[in-house]
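Q: After the structure tokens below, expect a handful of questions from me.
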Amino acid sequence: MTKRLAVLFLLSALPAFCQTNTGELRIKVTDPSGAGVKSTVLVVSEANQYRASLSTNDHGVLNVLRLPFGIYQVQINQRGFQPASATIQIRSSIPVSYSIPLKLSPVKESVTVKGGKTLINPDQAGSVNQIGQSTIEHRLSSIPGRSLQDLVNSQPGWLYEGNAVLHPRGSEYQTQFVIDGIPFTNNLSPSFGTEVGANDVQSMSIYTAGIPAEYGRNLGGVIVVNTLQNPQPGFHGQAVLSGGSYDTAGSSAEGEYGWGANSLGFSASGDMTSHYLNPVVTQNYSNTGTLGDFSGNFQRDLNSRNRISFLVRHELARYDLPNEYVQQQAGQRQNGGDFDTFGIAVYQHTFSANAIASVRGMVRQFSDDFNSNPESTPIELFLHNWFTEGYVKADLTVDHGHQEWKAGIESDNKFLNENFRYVIPNVDTQLAYFDSSTPLTFSFIGNRPDLEQAAFAEDLIRLGNWTIDTGIRWDHYQLILNRTAFSPRLAISRYFPSAGTVLHVSYDRVFQTPSFENLLLSSSTKAAGLDTRSLQLPVQPSEGNYYEAGLEKVFYSKVRLDANYFRRDVSNYADDDQIENTTISYPIAFENAIIYGAEGKIELPIWGRFSGSASYSYEVGNAWFPVTGGLFLGDSAIIPTSGHMPDSQDQRNTMRGRLRYQVTPRLWVAGGVEFDSGLPFDFQCPDGEALTQCEAEQAAIYGRQVIDRLDFPLGRIDPATMLDASAGANLYESRRVNVQLQADGENLNNVVNVIDFGGLFSGNAIGPARSFYLRLTASF
């Protein structure tokens with residue numbers, strides 16, 4: 001293991017630039033003589049939810065890093081000088097240099113930023129949802145392990161299944177997090193992996209269409225996460241204490257010290273709760289969780305053309321799996337643990353004002369563990385999966401007049417290891433819950449490399465009010481199968497300045513590699529022997545066509561409307577299944593799927609004392625038989641050869657809304673609503689049993705509260721509407737220190753929020769009941 005990690009480090013720990021699809025603004029503030037002036041600079045973009053007050057150095061120089069593409073307003077109110085402001089567009093990773101000369105003024109004046117100018121990005125060819133610092137700071141409190149996922153789930157087109165597994169526009173396993181410029185393609189939901197907490201996040205950009213060609217593999221939705229602060233002279237940071245219902249408590253701290261051309265930062269956090277996963281019954285049996293993480297980063301500008309940075313992070317999660325009634329009575333205790341350690345190295349070189357190159361690399365080790373006590377019912381499970389990973393990417397960006405070219409290559413090599421076994425306690429249990437041919441004991445050990453390479457090229461063309469973003473990507477995938485594919489991408493937009501409107505259309509060809517969680521197990525001949533009736537097919541990569549048409553419109557320079565229609569046609573549509581009556585899932589695939597729908601979002605950054613947003617999503621998704629990949633045992637091996645069914649994320653109507661009111665400069669209140677029309681569920685009554693009898697039996701197992709939330713004839717969970725409220729206050733504010741307190745009440749109407757239902761030992765999921773939380777934040 002040590003030798004392998006050393007090899008991965010040599011191959012992959014090359015320096016890299018921290019973030020893609022962001023730019024840099026280099027500001028120089030001078031007095032009338034041309035000398036630099038140390039100043040405070042306010043930088044604002046309402047479209048990107050970006051607002052930062054930053055200080056120049058003693059020479060009047062400020063580098064603002066990791067700015068999402070868009071229009072920014074810069075404001076300077078410096079004593080002894082006239083106020084100054086400028087509107088600057090960031091549309092490339094190539095740094096923009098801007099000089100702001102100040103004029104002497106004997107009279108005290110001030111200038112206020114007019115945010116309406118930054119509400120829309122006229123050069124954005126596709127739709128991108130931005131989550132900035134204000135939204136992160138005032139977010140609703142979250143159960144530990146899902147604060148980042150909750151922010152994503154608040155956006156149109158995204159929804160949860162159980163345990164905060166994100167599903168963008170009907171996709172199952174196809175969510176990709178890009179954290180500080182590095183793609184993470186494994187499942188990062190609480191029951192599969194660790195998370196980067198929202199307190200550690202500065203901004204996010206979310207793509208579900210018009211996806212740049214540099215992104216591949218998992219393309220249901222791409223979430224670009226930035227955890228790094230903008231370097232500032234001196235020491236700055238934040239400390240957070242939180243707690244509330246379900247014995248939830250947490251703390252986190254982050255800090256950064258900047259001197260000269262260097263910055264050194266750290267972050268650490270710890271959380272605990274008795275509601276970590278979604279329980280299967282309302283009693284929330286055996287559901288504790290403990291989380292922790294630590295990170296450190298260093299950045300240095302070697303000179304005006306070269307920059308290096310390094311980041312290391314260690315994360316862990318230990319948790320119990322929720323019991324059903326029968327499992328709780330038997331004394332079952334099953335627990336899991338996830339551990340993730342990685343290091344990122346970064347290098348950026350500026351060739352000229354029109355050309356920039358970057359190289360980035362990561363080494364990583366991840367493990368996922370699962371254990372059971374002897375009282376586990378109906379099966380004792382043991383799992384220890386781990387992988388080591390080496391990733392490297394290099395790209396070059398060149399700006400030439402109306403065009404910007406970007407090209408790059410990447411290589412991602414994982415060395416997968418799986419160790420799984422189970423024990424069925426006795427023959428009586430076997431006959432009660434399993435097929436009579438199911439072995440009482442089973443074990444599997446396997447390892448294999450997952451080798452993936454890619455190359456891409458993009459051309460961004462700006463012709464007046466038209467923007468055309470084209471790209472092509474080549475992917476090679478080698479694990480169980482060996483496949484290659486070319487994927488063209490195209491996005492076109494037209495800006496109408498007089499109407500404050502951007503119209504856009506996009507086409508994405510996607511090649512999505514199968515999830516590797518337990519793929520070696522489900523592809524093994526040993527697993528196929530778990531039942532005398534079995535069907536085993538290699539899981540093919542998903543290939544598909546994504547289409548979107550939409551608009552962005554600004555009203556009264558205060559409100560922005562985003563509306564989109566989308567359609568996805570996917571072959572070898574990815575889904576998941578479970579080994580016997582266990583929680584161990586693995587990928588499967590259907591012949592094809594068609595998913596279509598519409599989304600709308602209204603954002604109100606600031607209008608007087610009000611701010612907020614509201615969104616609506618309509619989605620229809622169907623998957624067609626036959627299956628084309630996966631492991632199917634017993635009765636499930638008898639697969640229809642034709643027909644279709646709703647995909648498991650076919651929730652027709654989803655609404656989110658939140659409105660905030662600033663009561664006084666130091667006190668605010670907010671209210672919100674969430675509506676879900678309900679996911680489909682697949683539950684079959686035993687042969688010859690009436691539906692009413694079947695419902696009564698399920699009520700005896702799960703409780704009438706749960707069963708009353710299910711529509712068995714329709715095969716759907718009933719709709720749910722949940723209300724929340726928040727209040728916040730600035731307890732202390734000075735030039736250096738700010739202390740805020742926020743109180744949240746969630747699911748105030750106390751709905752029994754059934755998210756998933758699958759029957760005994762099949763993965764029910766129930767959301768939290770009415771709950772309350774406090775969060776104290778000190779920034780300095």
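The values are calculated or read from the model by the stated rules, or taken from the named source; none is laboratory data. Note that the coordinates shown come from a computational prediction; the quantities given were computed from them, not determined experimentally. No Cβ is skipped: glycine too gets one built from the backbone with ideal geometry, and neighbour counts run over all protein chains shown. Just the protein is used for accessible areas: all its heavy atoms, side chains included, with ligands, DNA and RNA removed. Shrake-Rupley method; radii C 1.70, N 1.55, O 1.52, S 1.80 Å.
Q: Looking only at segment 567-601, how many residues end up being assigned to a strand (DSSP E or B), hydrophobic (A, V, I, L, M, F, W, C) and farther than 16 Å from residue 174 by Cβ?
A: Count: 1.
Q: Out of curiosity, is residue 510 surrounded by fewer than 23 Cβ atoms within 10 Å (Cβ to Cβ), touching a strand residue (DSSP E or B) at 6+ places or on another chain (Cβ under 8 Å) and not acidic (Asp, Glu)? Spell out the reasoning first.
A: Values: surrounded by fewer than 23 Cβ atoms within 10 Å (Cβ to Cβ): no; touching a strand residue (DSSP E or B) at 6+ places or on another chain (Cβ under 8 Å): yes; not acidic (Asp, Glu): yes.
Against the criterion (surrounded by fewer than 23 Cβ atoms within 10 Å (Cβ to Cβ), touching a strand residue (DSSP E or B) at 6+ places or on another chain (Cβ under 8 Å) and not acidic (Asp, Glu)), residue 510 does not qualify.
Q: Among the candidates 595, 602, single out the residue that is farther than 19 Å from residue 221 by Cβ and either open to solvent by 50 Å² or more (accessible area, probe 1.4 Å) or among the aliphatic types (A, V, I, L, M) (or both). Reasoning before the result, please.
A: Details: 595 fails: farther than 19 Å from residue 221 by Cβ.
So the residue among 595, 602 that is farther than 19 Å from residue 221 by Cβ and either open to solvent by 50 Å² or more (accessible area, probe 1.4 Å) or among the aliphatic types (A, V, I, L, M) (or both) is 602.
Q: Give the residue, chosen from 4, 91, that is among the basic types (Lys, Arg), over 30 Å from residue 555 (Cα atoms) and at pLDDT below 85.
A: Working: 91 fails: over 30 Å from residue 555 (Cα atoms).
When all the criteria are applied, what remains is 4.
Q: Looking at (1) of a type in the set (S, T, N, Q); (2) without any contact (Cβ under 8 Å) to a residue 40 or more places away in the chain; (3) farther than 22 Å from residue 152 by Cβ, which is the one condition that is false for residue 232?
A: Exception for residue 232: condition (2).
Q: For segment 609-625, check the following and say yes or no: at least one residue is basic (Lys, Arg), assigned to a strand (DSSP E or B) and within 30 Å of residue 665 (Cβ to Cβ). Before the answer, list the steps.
A: Just the residues of segment 609-625 that are basic (Lys, Arg), to begin with: 609.
Okay, now just the ones that are also assigned to a strand (DSSP E or B), so none.
No, segment 609-625 contains no residue that is basic (Lys, Arg), assigned to a strand (DSSP E or B) and within 30 Å of residue 665 (Cβ to Cβ).
Q: Follow-up. So which pairs qualify, if the first residue must be in segment 728-740 and under 9 Å from residue 778 (Cα atoms), the second must be of a type in the set (Phe, Trp, Tyr) and surrounded by 10 or more Cβ atoms within 10 Å (Cβ to Cβ), the Cβ gap must be under 8 Å, and the two must be at least 6 apart or on different chains?
A: So the pair list comes out as 737/780; 738/732; 738/780; 739/732.
Q: A further question on this structure: Hey, among 229, 283, which residue is closer than 30 Å to residue 698 by Cβ, outside any strand (DSSP E or B) and of a type in the set (S, T, N, Q)?
A: Being closer than 30 Å to residue 698 by Cβ, outside any strand (DSSP E or B) and of a type in the set (S, T, N, Q) holds for just one of 229, 283, which is 283.
Q: Based on this model, can you work out whether residue 379 counts as open to solvent by 40 Å² or more (accessible area, probe 1.4 Å) and β-branched (Val, Ile, Thr)?
A: Working: open to solvent by 40 Å² or more (accessible area, probe 1.4 Å): no; β-branched (Val, Ile, Thr): yes.
The answer is no for residue 379.
Here is a yes/no grid of residues against (1) under 19 Å from residue 635 (Cα atoms); (2) in contact with a Leu (Cβ under 6 Å, 6 or more places away or on another chain):
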residue	(1), (2)
414	no, no
418	no, yes
427	no, no
437	yes, no
441	no, no
445	no, no
448	no, yes
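Q: Cβ-Cβ under 9 Å, sequence separation 6+ or interchain: first residue in segment 143-155 and more than 15 Å from residue 167 (Cβ to Cβ) and hydroxyl-bearing (Ser, Thr, Tyr), partner assigned to a loop (DSSP other than H, G, I, E, B) and open to solvent by 10 Å² or more (accessible area, probe 1.4 Å). Which pairs?
A: Final answer for the pair search is 147/139; 147/141; 147/195; 147/197.
Q: So residue 173 passes all but one of these: (1) in a loop (DSSP other than H, G, I, E, B); (2) over 28 Å from residue 491 (Cα atoms); (3) in contact with a Pro (Cβ under 9 Å, 6 or more places away or on another chain). Which condition number does it fail?
A: (2)
Q: Look at segment 506-559 and say how many of its residues are in a loop (DSSP other than H, G, I, E, B) and among the aliphatic types (A, V, I, L, M). So that I can check it myself, show each step before the final result.
A: Restricting attention to segment 506-559, the residues satisfying the condition of being in a loop (DSSP other than H, G, I, E, B) are 513-518, 523-524, 529-533, 538-541, 556-558.
Filter once more, so that each one left must be among the aliphatic types (A, V, I, L, M): 530, 539.
So the answer is 2.
Q: Scan segment 637-666 for residues that are open to solvent by 50 Å² or more (accessible area, probe 1.4 Å) and closer than 30 Å to residue 480 by Cα and jot them down.
A: Hits for segment 637-666 are 638, 640, 641, 642, 644, 645, 646.
Q: Could you say whether any residue in segment 680-696 is in contact (Cβ under 8 Å) with a residue 12 or more places away in the chain, in contact with a Pro (Cβ under 8 Å, 6 or more places away or on another chain) and surrounded by fewer than 13 Cβ atoms within 10 Å (Cβ to Cβ)?
A: Scanning segment 680-696, I find at least one residue that is in contact (Cβ under 8 Å) with a residue 12 or more places away in the chain, in contact with a Pro (Cβ under 8 Å, 6 or more places away or on another chain) and surrounded by fewer than 13 Cβ atoms within 10 Å (Cβ to Cβ), so the answer is yes.
Q: Okay, next question. Run down 294, 339, 266 and say which single residue is among the aromatic types (Phe, Trp, Tyr), in contact with a His (Cβ under 7 Å, 6 or more places away or on another chain), open to solvent by 30 Å² or more (accessible area, probe 1.4 Å) and part of a strand (DSSP E or B).
A: Working: 339 fails: in contact with a His (Cβ under 7 Å, 6 or more places away or on another chain); 266 fails: in contact with a His (Cβ under 7 Å, 6 or more places away or on another chain).
Residue meeting the stated conditions: 294.
Q: Sort out which residues of segment 119-175 are modelled with pLDDT under 90, in contact with an Asp or Glu (Cβ under 6 Å, 6 or more places away or on another chain) and closer than 24 Å to residue 770 by Cα, and write them in order of number.
A: 161, 162
Q: If I filter segment 342-365 for residues that are farther than 30 Å from residue 471 by Cβ and open to solvent by 10 Å² or more (accessible area, probe 1.4 Å), do I get at least one hit?
A: Let us first name the residues in segment 342-365 that are farther than 30 Å from residue 471 by Cβ, namely 365.
Narrowing further to those that are open to solvent by 10 Å² or more (accessible area, probe 1.4 Å): 365.
There is at least one residue in segment 342-365 that is farther than 30 Å from residue 471 by Cβ and open to solvent by 10 Å² or more (accessible area, probe 1.4 Å).
Q: Given the conditions (1) of a type in the set (Ser, Thr, Tyr); (2) in a loop (DSSP other than H, G, I, E, B); (3) under 11 Å from the mean Cα position of the chain (by Cα), report the number of the one that residue 215 does not fulfil.
A: It is condition (3) that residue 215 fails.
Q: Looking at segment 668-678, is at least one residue assigned to a loop (DSSP other than H, G, I, E, B), without any contact (Cβ under 8 Å) to a residue 40 or more places away in the chain and at positive phi?
A: Filtering segment 668-678 for residues assigned to a loop (DSSP other than H, G, I, E, B) gives 677-678.
Restricting the remaining residues to those that are without any contact (Cβ under 8 Å) to a residue 40 or more places away in the chain gives none.
No, there is no match, as no residue in segment 668-678 is assigned to a loop (DSSP other than H, G, I, E, B), without any contact (Cβ under 8 Å) to a residue 40 or more places away in the chain and at positive phi.
Q: Where residues in segment 527-544 are exposed (fewer than 15 other Cβ atoms within 10 Å of the Cβ) and in contact with an Asp or Glu (Cβ under 9 Å, 6 or more places away or on another chain), which of them is farthest from residue 124 (Cα to Cα)?
A: 532
Q: Of all residues in segment 297-322, count the ones that are part of a loop (DSSP other than H, G, I, E, B), buried (at least 16 other Cβ atoms within 10 Å of the Cβ) and free of Cβ contacts under 8 Å to residues at least 60 places away in the same chain.
A: Pass one, segment 297-322, residues part of a loop (DSSP other than H, G, I, E, B): 302-305, 321-322.
If we keep only those that are buried (at least 16 other Cβ atoms within 10 Å of the Cβ) as well, we get 321-322.
Checking which are free of Cβ contacts under 8 Å to residues at least 60 places away in the same chain leaves us with 322.
The qualifying residues number 1.
Q: Moving on to the next point. So residue 447 fits all but one of (1) within 30 Å of residue 418 (Cβ to Cβ); (2) surrounded by fewer than 16 Cβ atoms within 10 Å (Cβ to Cβ); (3) modelled with pLDDT under 95; what number is the exception?
A: (3)
Q: Take segment 224-252 and flag every residue that is within 23 Å of the chain's Cα centre (by Cα), over 30 Å from residue 748 (Cα atoms) and not polar (S, T, N, Q).
A: 224, 225, 228, listed by residue number.
Q: Select from segment 44-95 the residues that are open to solvent by 40 Å² or more (accessible area, probe 1.4 Å), in a strand (DSSP E or B) and free of Cβ contacts under 8 Å to residues at least 24 places away in the same chain and list them in ascending order.
A: Scanning segment 44-95 gives a single hit, 53.
Q: Related question: Quick one: which residue in 678, 715, 688 is of a type outside the set (D, E, K, R) and at pLDDT 90 or above? It would help to see each step written out before you state the result.
A: Details: 715 fails: at pLDDT 90 or above; 688 fails: at pLDDT 90 or above.
Answer to the check: 678.
Q: A follow-up question, please. Would you mind finding the one in 184, 235 that is under 28 Å from residue 141 (Cβ atoms), aromatic (Phe, Trp, Tyr) and open to solvent by less than 20 Å² (accessible area, probe 1.4 Å)? Spell out the reasoning first.
A: Values: 235 fails: open to solvent by less than 20 Å² (accessible area, probe 1.4 Å).
Of the residues listed, the single one that is under 28 Å from residue 141 (Cβ atoms), aromatic (Phe, Trp, Tyr) and open to solvent by less than 20 Å² (accessible area, probe 1.4 Å) is 184.
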